[in-house]
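For reference, the structure discussed in these notes is given below.
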Amino acid sequence: MSLNGHGRLRIAQVAPLHESVPPRLYGGTERIVSYLTEQLVACGHDVTLFASGDSCTSARLIPCCPRSLRLAHTVDSVALHLAMTERVARRAHDFDVVHFHIDYLHFPVSRREHYANVTTLHGRLDLPDIFPIFARCADLPMVSISDAQRAPLPDLAWQGTVYHGFPEELYRFQPDGGDYLVFLGRVSPEKGLDRAIEIAGRAGCRLRVAAKIDRADRAYYRERIAPLMGQPHVEYLGEVGEHDKQELLGGALALLFPIDWPEPFGMVMVEAMACGTPVIAFPRGSVTEVIDDGVTGIICEDVAEAVAAVARVGELSRAACRQVFEQRFTAARMTDEYLAIYHSVLQEREHGHDARTNRDSRGLLHPGDQHAAG
């Protein structure tokens, strides 16, 4: 392990090319990469970011395509990502550790080249088609963004669960919410916009919808969602950027999050909490890890329970929502946990140990298993 100065690390962050870092509008992974990168630079580390050329960072930027692929309407994004992994491999000797955020696309190259790396997995892991590549590369160090996310693949070389974090100043605490509900996310079957519209209508509340419609979901929108959008209690705002979220989330009575899929994290829940706005959510995926039921939101089993929750959500403390955000979901906390993982990975490499130590979800060795780390 080669450190520069007093624990100063040379770190490469490898971002997806679909959106810029940070993204102009919707883009979860790229936003987290940006917050982590900027915080690492602020902590004095030497950071290089591999990303699209229209990214903006205080780190050293290595552009791997001229502009984000969604804006460029690229046909073959896999080819560009594979080219980026080879480029990273050629530069690997310049870094103490390479942190990937592109799922499994780099696995074959990273196993072949044996440079120090860690992968944060940002997507769902319950799809059978991905199991073979993870089985073959199970020794690569990996990080989950919730304990629920890793459940389908428990035997990977998990280094810990690191919850996403946001800069504390990104959102302001708004002590007084409004009288409307908000839905913020993607228009897709699993996100539950149709259920949000029903919940708001039955509760007698306005629903403000800020949502991205991906190309793959346009037919679903036309057939299932568009007929619902003309109801008088629904206001469609389109896709919103960072500067619009403060007013939208902070002014809401509650965020509706009636998902029907194993959500790996759910960033919008934390964004709402940062503004002081509680969340009404269904208990899928990471929801029960992110939301403290009865404190930062109300967890409901179905639409009927969610309708009833609307009448009770005003009783929750908006100050408590902000406090939980500051305690659990800041970029500083996220960065500290990643730095601990970087050092752990480097130490294990230095001592020649396999990355698959028996760790708990926060990256700590289980009692009695200290021998696994030497």
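To the nearest ten degrees, helix 28-42 and the longest principal axis of the Cα atoms of the chain are 60 degrees apart.
Amide hydrogen proximity for N117: with H placed 1.01 Å from N in the peptide plane, the residues at 5 or more positions away or on another chain lying under 5 Å are V98.
The phi-based Karplus calculation (6.51 cos²θ - 1.76 cosθ + 1.60; θ = phi - 60°) puts the 3J(HN,Hα) values of segment 56-66 at 10, 8, 8, 7, 6, 9, 10, x, 10, 6, x Hz, whole numbers, x for Gly and Pro.
This model, with +1 at the C-beta of Lys and Arg and -1 at the C-beta of Asp and Glu, gives segment 180-328 a dipole about its Cα centre of some 320 debye. Size descriptors for segment 280-328 (Cα atoms only): Rg and Dmax, in that order, 10.9, 32 Å. Under conditions of 4 °C and 1.567 mPa s, segment 7-150 yields 84 µm² s⁻¹ as its translational diffusion coefficient, taking Rh as the Kirkwood radius over Cα pairs in the Stokes-Einstein equation.
Applying the Karplus relation 6.51 cos²θ - 1.76 cosθ + 1.60 with θ = phi - 60° to segment 313-319 yields 3J(HN,Hα) values of 5, x, 6, 6, 7, 5, 4 Hz, where x marks Gly and Pro.
Phi angles of segment 291-297 translate, via the Karplus equation with coefficients 6.51, -1.76, 1.60 and θ = phi - 60°, into HN-Hα couplings of 9, 8, 4, x, 10, 9, x Hz per residue; Gly and Pro are given as x. Each peptide in 204-210, 140-146 receives the mean, over its residues, of other Cβ atoms within 10 Å, and ordering these scores from highest gives 140-146, 204-210.
Between the residues I11, V209, L170, the greatest Cα displacement towards the positive end of the dipole of the chain, with unit charges on the Cβ of Lys, Arg, Asp and Glu, is found for I11.
Computed over segment 179-245, the alpha-carbon pair-distance distribution with 5 angstrom bins reads 4, 18, 31, 27, 15, 6, 1, each value a whole percent. Against the main long axis of the alpha-carbon atoms of the chain, helix 331-350 sits at an angle near 30°.
Sum -39500 (n - 2.57) across every DSSP H segment of at least 4 residues in the chain, then divide by the residue count to get the 222 nm mean residue ellipticity, nearest 500.
Numbers: 14 runs with 129 residues, N = 374.
Calculated from helices alone, the mean residue ellipticity at 222 nm is -10000 deg cm²/dmol.
With respect to the chain, whose longest principal axis is taken over its alpha-carbon atoms, helix 303-312 is tilted by about 80°.
Protection proxy ranking of 33-46, 102-115, by the mean of other Cβ atoms within 10 Å over each peptide's residues and highest first, is 33-46, 102-115. Scaled against 2.2 N^0.38 Å for its residue count N, the alpha carbon radius of gyration of segment 1-90 is 1.10. Computed over the chain, the range of Cα coordinates on each principal axis works out to 61, 49, 39 Å, biggest value leading.
Calculated on C-alpha atoms, the gyration radius of segment 180-328 divided by its Kirkwood radius gives an Rg/Rh of 0.93. Less than 5 angstrom separates the built amide H of G285 from those of E263, all sequence-distant by 5 or more or on a different chain.
FYI, it's all coordinate maths here, none of it is from the lab. Given the structure is predicted, the values throughout are model-derived calculations rather than measurements. Neighbour counts are summed over all protein chains in view; Cβ atoms, including those assigned to glycine, are modelled from backbone coordinates with ideal geometry.
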